[in-house]
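The values are calculated or read from the model by the stated rules, or taken from the named source; none is laboratory data. Please read these numbers as outputs of a predicted model, since none were measured by experiment. Glycine gets a Cβ as well: all are built from the backbone with ideal geometry, and neighbour counts include every protein chain shown.
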Amino acid sequence: MVKPSLKRKVVKYLQETHEVGNKKCCDLVGMSRSSWYYESSLDDTEVIEKLKELAKSHPTRGFDNYFYRIRKEGFTWARSRVLRVSRDLGLVRRPKRRKRLPESERKPLYQPSGLNQVWSMDFMHDQLSDGRNIRILNILDDYNRECLLNRGQISFPCTGVIMYLNRLAEEIGLPKYIRTDNGPEFISKEYERWAAENGVTIVRTEPGKPMQNGFIERFNRTFREDILDAFIFRSIQQFNVIAEKWRQDYNHTHPHGSLDGKSPKAYGKRSENLKGVPPLKQEYLNYRLSKES
């Protein structure tokens, strides 16, 4: 079906090119003369400016993300109107086709039933403008996908990991389980000793199977698109300032598809009396993450 706006352009083209009356042109394209003379009184300027602002600040996101943020800011524009303007601006992203595992090989990750039950940790890598490599430690709460930490350093030994875990323990407590890969920082004796002393069970993925830590792998993709691929950093300090600002925005406003379209903070709120409590004692049911195949 051809939209009235396109028919209007065709009628205007025929009039200017062939000097034909509008009645005949409207009949040719199947457009009523009342539609041709109609002038909309709706002003989309504010919608256009807001969508351009969102597209500039979050260029890798799609329409649903933009519309969630618009609603969260208190605007009451109809979804159909925002979608129409978004399409006119060319902002509707085409979803990528993803390769999927056969049904028999899919094994969805166990999602905890509450906060501070299971955390996931992983490292990412990038370069500064002067060529120095940096390592970024990401820590995620698997229940509400909240980013608890995204800290970058030139060198990130096991002692650095433990230092940030201790800081989180003072702020929000520790989980019962921490899931990681088999990186050198996560298999060190010092890290294992810290976990035993704090009542934390270490769960490691099998080599070559990163999707056993799928929650944080999906988070890493979003972080890379929004931060690592979008900026050139001159220093570690600059990276950490930008990453922290992004973390706050992600936790409070990012509509997560697996959380009923809610942001991590909206899906699982941390109450004040939960901060600094010992690890939860709920067992991991019958799910054996370390033996998943």
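Could you run through the range 126-139 and say how many residues are surrounded by 12 or more Cβ atoms within 10 Å (Cβ to Cβ) and either in a strand (DSSP E or B) or on the phi > 0 side of the Ramachandran plot (or both)?
Result for the range 126-139: 8.
Residues that are out of contact with any Ser or Thr (no Cβ under 8 Å at 6 or more places or on another chain) and charged (D, E, K, R): list the helices (runs of 4 or more DSSP H) wholly contained in the range 1-44 that include at least 3 such residues.
Ranges flagged: 4-18, 22-29.
Considering each of Ala243, Ala230 in turn, give the residue that is of a type outside the set (D, E, K, R), at pLDDT 80 or above, under 24 Å from His125 (Cα atoms) and outside any helix (DSSP H, G or I).
None of the other options fit; the residue is Ala230.
For the range 101-113, check the following and say yes or no: at least one residue is within 21 Å of Ile227 (Cβ to Cβ) and either modelled with pLDDT of 90 or more or not assigned by TED's automatic domain parsing to the domain that holds Met211 (or both).
The answer is no; no qualifying residue exists.
Return yes when Tyr250 is under 20 Å from Arg145 (Cα atoms) and surrounded by 16 or more Cβ atoms within 10 Å (Cβ to Cβ) and no when it is not.
Against the criterion (under 20 Å from Arg145 (Cα atoms) and surrounded by 16 or more Cβ atoms within 10 Å (Cβ to Cβ)), Tyr250 qualifies.
Looking at this structure, is Ile178 under 25 Å from Tyr110 (Cα atoms), β-branched (Val, Ile, Thr), surrounded by fewer than 18 Cβ atoms within 10 Å (Cβ to Cβ) and in the same structural domain as Arg132 (by TED's automatic domain parsing)?
Considered against the rule, which asks whether it is under 25 Å from Tyr110 (Cα atoms), β-branched (Val, Ile, Thr), surrounded by fewer than 18 Cβ atoms within 10 Å (Cβ to Cβ) and in the same structural domain as Arg132 (by TED's automatic domain parsing), Ile178 comes out as no.
Matching residues to (1) within 22 Å of Phe239 (Cα to Cα); (2) among the β-branched types (Val, Ile, Thr); (3) free of Cβ contacts under 8 Å to residues at least 60 places away in the same chain:
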| residue | (1), (2), (3) |
| --- | --- |
| Asn116 | no, no, no |
| Asp122 | yes, no, no |
| Arg132 | yes, no, yes |
| Ile136 | yes, yes, no |
| Asn150 | yes, no, no |
| Gln153 | yes, no, no |
| Arg167 | yes, no, yes |
| Ser188 | no, no, yes |
| Val203 | no, yes, no |
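Collect the residues in the range 145-204 that are within 26 Å of Ile242 (Cα to Cα), of a type in the set (Gly, Ala, Ser), touching a strand residue (DSSP E or B) at 6+ places or on another chain (Cβ under 8 Å) and in a helix (DSSP H, G or I), keeping them in residue-number order.
Gly160
May I ask you to say which residue of Val20, Val47, Val29 is modelled with pLDDT of 85 or more and in contact with a helix residue (DSSP H, G or I) (Cβ under 8 Å, 6 or more places away or on another chain)?
None of the others qualify; the one that does is Val47.
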